[in-house]
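The values are calculated or read from the model by the stated rules, or taken from the named source; none is laboratory data. The shown structure was predicted, so the numbers you read here are calculated from the model rather than taken from an experiment. Every residue, glycine among them, receives a Cβ derived from its backbone with ideal geometry; neighbour counts consider all protein chains shown. These accessible areas exclude ligands, DNA and RNA; they are computed on the full protein's heavy atoms, side chains included. Shrake-Rupley method; radii C 1.70, N 1.55, O 1.52, S 1.80 Å.
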Amino acid sequence: QVQLVESGGGLVQAGGSLRLSCAVSGLTFSNYAMAWFRQAPGREREFVAAIRFGTYYADSVKGRFTISRDVAKNTVALEMNSLKPEDTAVYSCAARLRFSPRTVAGRENYEYWGQGTQVTVSS
């Protein structure tokens, strides 16, 4: 059974930092591309960052967020700095086996999802 479990969300002031983590089990972690998506109230789920042979970021978070993975621990992390109120959302990690940079941001391409963790940035 594949499981993706996020942790690390919370409430932070604008300009602050948070580190999210996603623990993965039930699949061969090293074979999968991993990504973070987020969904704010009333909005569609949007791509944030992904990692496979390289790293990929949405323009809105480039330079502020960093995605990384620890193959030994089967975890993927999202370091978020200089947080803004518009970063408030539920953040979910996702996994996909067949990876293409051309479709990195397409949520329909990811096979497994976590339940998400809430990030709230106050102004």
If a residue must be out of contact with any Asp or Glu (no Cβ under 6 Å at 6 or more places or on another chain) and either farther than 15 Å from Ala49 by Cβ or not hydrophobic (A, V, I, L, M, F, W, C) (or both), how many such residues does the range 63-89 contain? 18
Of the residues in the range 1-43, those that are open to solvent by less than 10 Å² (accessible area, probe 1.4 Å) and among the small types (Gly, Ala, Ser) number 2
Return a yes/no flag: does the range 9-19 have any residue that is more than 17 Å from Phe99 (Cβ to Cβ), of a type in the set (Lys, Arg), part of a loop (DSSP other than H, G, I, E, B) and touching a strand residue (DSSP E or B) at 6+ places or on another chain (Cβ under 9 Å). no
For the range 97-106, state whether one or more residues are under 21 Å from Ser123 (Cα atoms) and in contact (Cβ under 8 Å) with a residue 24 or more places away in the chain. no
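State whether the residues of the range 31-44 include one that is outside any strand (DSSP E or B), charged (D, E, K, R) and touching a strand residue (DSSP E or B) at 6+ places or on another chain (Cβ under 6 Å). Let's see the steps before the verdict.
Looking only at the range 31-44, we keep the residues that are outside any strand (DSSP E or B), and these are 31-32, 40-44.
With charged (D, E, K, R) added as a condition, the list becomes 43-44.
This time we only want the ones that are touching a strand residue (DSSP E or B) at 6+ places or on another chain (Cβ under 6 Å), so: none.
No, the range 31-44 contains no residue that is outside any strand (DSSP E or B), charged (D, E, K, R) and touching a strand residue (DSSP E or B) at 6+ places or on another chain (Cβ under 6 Å).
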So which strands (runs of 3 or more DSSP E) stay within the range 60-115 end to end and still have 3 or more residues that are modelled with pLDDT of 95 or more, open to solvent by less than 20 Å² (accessible area, probe 1.4 Å) and not small (Gly, Ala, Ser)? 75-80, 89-96
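Please find, within the range 44-59, the residue that is farthest from the chain's Cα centre (by Cα) out of those that are within 16 Å of Thr28 (Cα to Cα) and either open to solvent by 30 Å² or more (accessible area, probe 1.4 Å) or hydroxyl-bearing (Ser, Thr, Tyr) (or both). Write out each step before concluding.
Taking the range 44-59 first, the residues within 16 Å of Thr28 (Cα to Cα) are 51-53.
Still in the list and also either open to solvent by 30 Å² or more (accessible area, probe 1.4 Å) or hydroxyl-bearing (Ser, Thr, Tyr) (or both): 52-53.
On the way: Arg52: 13, Phe53: 16 Å.
Per the stated criteria, the residue is Phe53.
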